[in-house]
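Colleague: Please see the structure below; I have some questions.
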C-alpha cells in the first residue's frame, strides 16, 4: 500500500451540472431547451442565474423562505422580467408555519433542521483557509424565524402565480431541490407536480449536519414510484481525511415514452 500524505478537508469531485442535466433531459425526451424549471431552496438566485443563462427560452420559478435571502433573489429575478418568478415561501408536505434556522451573516446557511455544529461536515471545514468558510461563520451566529410553507402542488395551481400558467402549458422539465435535509418533505407535497416532471436534481446529506438523515432508500422509493430512475450522481463532496462522502447531488430522470 502506498503512503498518502496527511490531508484534511472537503473535496468537490469534478462535475458539470449543465451537461449532466442536458443529458438527462435528452434521455427523458426533451430534444430542445427546457421550457420550465423550478428552484426550491433558491437562496439568493445562484441557480436561477445559471438556468436562465444556459437556456434563453426557459422560465424559472424560484422559492425561498428566508427573508434576507429572498430580497437578493428578487433582485436576481428582476433581471429576467417575464421569464422568472420568485415567491417568498418554503415548501413542505403540508401548508402552515415552520421555524427556519438561519445565519445573521451567511444567507446560504438555512434549514428547517437545527445545524449540528459537531458534524463532520462542519469540522472538516475548520482550518482549511486563512479566513473561516461560510459554513464556519454561519454556525456561530444562528437565529430562528417563523416562515410560511406551502405544498408545491398548491403553488402551481394557484391562479395568483404566473408560474401556474407555465406549469399548465409545459409541465416541469427540471425540478431542483436544495433544502438542507428537507428534501423528502418537499417531494411529499409534490405528488401532482412529479407526474408532469421530467428531471429532478436534488441534494442529499449523508452526514448528520442537520440531524440523523433518513435512509436514502426513502428518497429513491418516492421518485421510483413516480416513474423516475437514478440517472447520475452528479456531484460528490467528500472529507479528504476520512474519505467519507458527506453529501451528493443526484439527478433522477423519467425515461422517454
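The values are calculated or read from the model by the stated rules, or taken from the named source; none is laboratory data. All of these numbers come straight from a predicted model, not from anything done at the bench. Here the Cβ is made from the backbone with ideal geometry for all residues, glycine too, and neighbour counts use every protein chain on show.
Colleague: Go over the candidates 199, 193 one by one and state the one that is in contact with a helix residue (DSSP H, G or I) (Cβ under 7 Å, 6 or more places away or on another chain) and part of a strand (DSSP E or B).
Modeller: Details: 193 fails: part of a strand (DSSP E or B).
Criteria check complete, one pass: 199.
Colleague: Conditions first: (1) over 22 Å from residue 16 (Cα atoms); (2) touching a residue at least 24 places away in the same chain (Cβ under 8 Å); (3) surrounded by fewer than 22 Cβ atoms within 10 Å (Cβ to Cβ). Residue 77 passes all but one, so which condition is the exception?
Modeller: (3)
Colleague: Among the numbered conditions (1) modelled with pLDDT of 95 or more; (2) more than 19 Å from residue 97 (Cβ to Cβ); (3) not in a helix (DSSP H, G or I), tell me where residue 164 comes up short.
Modeller: Unmet for residue 164, out of (1) modelled with pLDDT of 95 or more; (2) more than 19 Å from residue 97 (Cβ to Cβ); (3) not in a helix (DSSP H, G or I): (3).
Colleague: Please determine, by comparing only the residues of the stretch 135-145 that are in contact with a strand residue (DSSP E or B) (Cβ under 8 Å, 6 or more places away or on another chain) and either over 19 Å from residue 41 (Cβ atoms) or at pLDDT 95 or above (or both), which one is surrounded by the fewest Cβ atoms within 10 Å (Cβ to Cβ).
Modeller: Among those that are in contact with a strand residue (DSSP E or B) (Cβ under 8 Å, 6 or more places away or on another chain) and either over 19 Å from residue 41 (Cβ atoms) or at pLDDT 95 or above (or both), it is 141.
Colleague: Identify, by number, the condition in (1) exposed (fewer than 15 other Cβ atoms within 10 Å of the Cβ); (2) modelled with pLDDT of 95 or more that residue 220 doesn't meet.
Modeller: Here residue 220 clears every test but (1).
Colleague: Go through (1) out of contact with any helix residue (DSSP H, G or I) (no Cβ under 8 Å at 6 or more places or on another chain); (2) without any contact (Cβ under 8 Å) to a residue 60 or more places away in the chain; (3) within 26 Å of residue 19 (Cβ to Cβ) one by one and return the number of the condition residue 183 breaks.
Modeller: (1)
Colleague: With the structure loaded, tell me whether residue 124 is surrounded by 15 or more Cβ atoms within 10 Å (Cβ to Cβ), modelled with pLDDT of 90 or more and either in contact with a strand residue (DSSP E or B) (Cβ under 8 Å, 6 or more places away or on another chain) or assigned to a strand (DSSP E or B) (or both) or whether it fails that test.
Modeller: On the way: surrounded by 15 or more Cβ atoms within 10 Å (Cβ to Cβ): yes; modelled with pLDDT of 90 or more: no; either in contact with a strand residue (DSSP E or B) (Cβ under 8 Å, 6 or more places away or on another chain) or assigned to a strand (DSSP E or B) (or both): yes.
Against the criterion (surrounded by 15 or more Cβ atoms within 10 Å (Cβ to Cβ), modelled with pLDDT of 90 or more and either in contact with a strand residue (DSSP E or B) (Cβ under 8 Å, 6 or more places away or on another chain) or assigned to a strand (DSSP E or B) (or both)), residue 124 does not qualify.
Colleague: Next question, about the same structure. Return the residues of the stretch 233-257 that are at pLDDT below 95, farther than 17 Å from residue 119 by Cβ and either in contact with a strand residue (DSSP E or B) (Cβ under 7 Å, 6 or more places away or on another chain) or buried (at least 16 other Cβ atoms within 10 Å of the Cβ) (or both); say none if nothing qualifies.
Modeller: If the condition is that a residue be at pLDDT below 95, farther than 17 Å from residue 119 by Cβ and either in contact with a strand residue (DSSP E or B) (Cβ under 7 Å, 6 or more places away or on another chain) or buried (at least 16 other Cβ atoms within 10 Å of the Cβ) (or both), then 233, 234, 235, 236 are the ones that fit.
Colleague: Here's a follow-up. Show me the strands (runs of 3 or more DSSP E) entirely contained within the stretch 33-113 in which 2 or more residues are touching a helix residue (DSSP H, G or I) at 6+ places or on another chain (Cβ under 7 Å). Break it down into steps so the answer makes sense when it comes.
Modeller: Values: elements: 36-40, 59-63, 84-87, 96-103.
Qualifying strands (runs of 3 or more DSSP E): 36-40, 59-63, 84-87.
Colleague: Same structure, new question: Tell me, yes or no, whether the stretch 155-162 has at least one residue that is at positive phi, surrounded by 15 or more Cβ atoms within 10 Å (Cβ to Cβ) and in contact with a strand residue (DSSP E or B) (Cβ under 8 Å, 6 or more places away or on another chain).
Modeller: Looking through the stretch 155-162, none of the residues is at positive phi, surrounded by 15 or more Cβ atoms within 10 Å (Cβ to Cβ) and in contact with a strand residue (DSSP E or B) (Cβ under 8 Å, 6 or more places away or on another chain).
Colleague: Can you find, within the stretch 202-217, the residue that is surrounded by the most Cβ atoms within 10 Å (Cβ to Cβ) among those that are at pLDDT 95 or above and not in a loop (DSSP other than H, G, I, E, B)?
Modeller: 202
Colleague: How many residues does the stretch 242-256 contain that are closer than 11 Å to residue 227 by Cβ and in a strand (DSSP E or B)?
Modeller: Taking the stretch 242-256 as the starting set, the residues that turn out to be closer than 11 Å to residue 227 by Cβ are 252-255.
Still in the running and in a strand (DSSP E or B): 252-253.
The qualifying residues number 2.
Colleague: Go through the stretch 178-192 and count every residue that is buried (at least 23 other Cβ atoms within 10 Å of the Cβ) and farther than 17 Å from residue 111 by Cβ.
Modeller: 1
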